[in-house]
1. Quick test of your reading of the structure: Gly64 fulfils all but one of (1) without any contact (Cβ under 8 Å) to a residue 40 or more places away in the chain; (2) in a helix (DSSP H, G or I); (3) more than 16 Å from the chain's Cα centre (by Cα). Name the failing condition by number.
2. When you scan segment 228-237, how many residues do you find that are open to solvent by less than 50 Å² (accessible area, probe 1.4 Å) and of a type outside the set (Val, Ile, Thr)?
3. Which residue, of Phe288, Phe241, is over 16 Å from the mean Cα position of the chain (by Cα) and not in a helix (DSSP H, G or I)?
4. Among all residue pairs at least 6 apart or on different chains, which show Cβ distances below 9 Å where the first residue, located in segment 29-43, is farther than 15 Å from Gly64 by Cα and of a type in the set (Ser, Thr, Tyr) and the second is at pLDDT 90 or above and open to solvent by 20 Å² or more (accessible area, probe 1.4 Å)?
5. Give the residues of segment 73-115 that are of a type in the set (Ser, Thr, Tyr), under 17 Å from Asn41 (Cβ atoms) and either assigned to a loop (DSSP other than H, G, I, E, B) or modelled with pLDDT of 95 or more (or both), sorted by residue number.
6. Residues Pro228, Pro237: which one is on the phi < 0 side of the Ramachandran plot and either without any contact (Cβ under 8 Å) to a residue 60 or more places away in the chain or touching a His at 6+ places or on another chain (Cβ under 8 Å) (or both)?
7. Any residue that is crowded, with 17+ Cβ neighbours inside 10 Å and on the phi > 0 side of the Ramachandran plot - is there at least one of those in segment 7-20?
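The values are calculated or read from the model by the stated rules, or taken from the named source; none is laboratory data. Being a predicted model, the structure only gives us computed values, none of them experimental. Here the Cβ is made from the backbone with ideal geometry for all residues, glycine too, and neighbour counts use every protein chain on show. Side chains included, ligands, DNA and RNA excluded: accessible areas come from the protein's heavy atoms. Shrake-Rupley method; radii C 1.70, N 1.55, O 1.52, S 1.80 Å.
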Amino acid sequence: MILTVTLNTALDITYRVRSLRPHASHRVSEVAERPGGKGVNVARVLAALGQDVTVTGFAGGGTGRAVRDGLTGTPGLTDALVPVAGATRRTIAVVDERSGDTTQLNEPGPQIEPAEWGAFLDRYEELLGGASAVALCGSLPPGVPVGAYAKLVRLARAQGVPVLLDTSGEPLRRGVAARPDIIKPNADELAELTGSHDPLRATQDARRRGAHAVVASLGPDGLLAVTPEGRWRATPPAPEFGNPTGAGDSAVAGLLSGLRDQLPWPDRLTRAVALSAATVRSPTAGDFDRAAYEKLLARVSVTVA
C-alpha cells in the first residue's frame, strides 16, 4: 500500500458565488464539504486510480469527526488518523463563477501536544512496515517540531521505503537535507528554498541540497523534473481554467502511482500533468474529472529539458 501523511488535515469547504466582491454580502449558490489536507487529497486520487492507500496524520474535534466520516467507505482507502484533543482546521474555497477565480482561506490547525506527536510517531513506524511508498504532505500544525518531516524522511529511509516530500518553508529546507527520494515544490517554494527564480537552475540546486529527484510544479506550464535518469518538461496541451485547489496534490498522486507501477519518468510525468489538469477542470476542490484525465493522457507533451 501507499502511505500518505497529512499532519494538518482539514475539512475542505467550497462555496460557489456568482461574483465575489469585497465589502459585499453574497448569496452562495452551492456548498460542498469533503475531507482535505494535501495528503488526504493525494490519497483520494490514488484510491480513485485503483491504488491501496492508507491515510495517517491527526484528526480531532467535530471537524475531525467529519473528516473521518467523509473517508469512510472510500474503496481502497484506509483511515489510520491519530486522534488529538484539538479541533481539525477548516479551509474555505470561494469560487467566483463569473471569473473562475478561487479565493482560499486556511485555518492554522490544532495545537499538537508532545504525547500526541509521540503517538503519531509510533503509528507511522508501524505503518511503514507495510508501505511501498510514502508521501509527506502539507503544513505543520502548531506544536509539531519544525524538523518533523526530516525525521519522518529518515525513518522511511531506514525501512527502505521511498518517500516523496511536498511541503514548504523551513520544514522543506530541513526535510531536503534528510535526502528524500522526491520533492515536489511549486515555483514559489522552489525560489524560497534556493534563492533562484530560474526554474531549471533552482531545481538543480534543490537536488544538490539532498533530494534524489526534484519535480517542480510550474502551474499552467506543467512540471519540470530533474532526476538521476534525466531532465524533462511535461506540459498540458493548453492552459486550464477553473478551480486549482488540489491540482498539485493530484500531481503527487500521479508521481506516486507511477512509482508504484514502476513507470519510466516520462510516463510518471505524463500521468501527473494529466491528473493535475483534470483536477483544475473539476468544480469541487480535491477531485478530478476522469473523462478529461483519460483524454489528456494522450495529449501531454514531455520533452528533454
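1. (1)
2. Here is the first cut: in segment 228-237, the ones open to solvent by less than 50 Å² (accessible area, probe 1.4 Å) are 230, 232, 234-236.
Within this subset, residues satisfying the condition of being of a type outside the set (Val, Ile, Thr) are 230, 232, 234, 236.
Summing the residues that are open to solvent by less than 50 Å² (accessible area, probe 1.4 Å) and of a type outside the set (Val, Ile, Thr) in segment 228-237 gives 4.
3. Working: Phe288 fails: over 16 Å from the mean Cα position of the chain (by Cα).
Being over 16 Å from the mean Cα position of the chain (by Cα) and not in a helix (DSSP H, G or I) holds for just one of Phe288, Phe241, which is Phe241.
4. Ser29/Tyr15; Ser29/Arg16; Ser29/Arg18
5. As a first pass, look at segment 73-115 and keep what is of a type in the set (Ser, Thr, Tyr): 74, 78, 88, 91, 99, 102-103.
Still in the running and under 17 Å from Asn41 (Cβ atoms): 74, 78, 88, 91, 102.
Correct list: Thr74, Thr78, Thr88.
6. Numbers: Pro237 fails: either without any contact (Cβ under 8 Å) to a residue 60 or more places away in the chain or touching a His at 6+ places or on another chain (Cβ under 8 Å) (or both).
The match here is Pro228.
7. no
Condition check ((1) modelled with pLDDT of 85 or more; (2) open to solvent by 30 Å² or more (accessible area, probe 1.4 Å); (3) more than 27 Å from Gln104 (Cβ to Cβ)) across all residues:
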site: Val226; (1), (2), (3): yes, no, yes
site: Asp249; (1), (2), (3): yes, no, no
site: Gly254; (1), (2), (3): yes, no, no
site: Leu259; (1), (2), (3): yes, yes, yes
site: Pro264; (1), (2), (3): yes, yes, yes
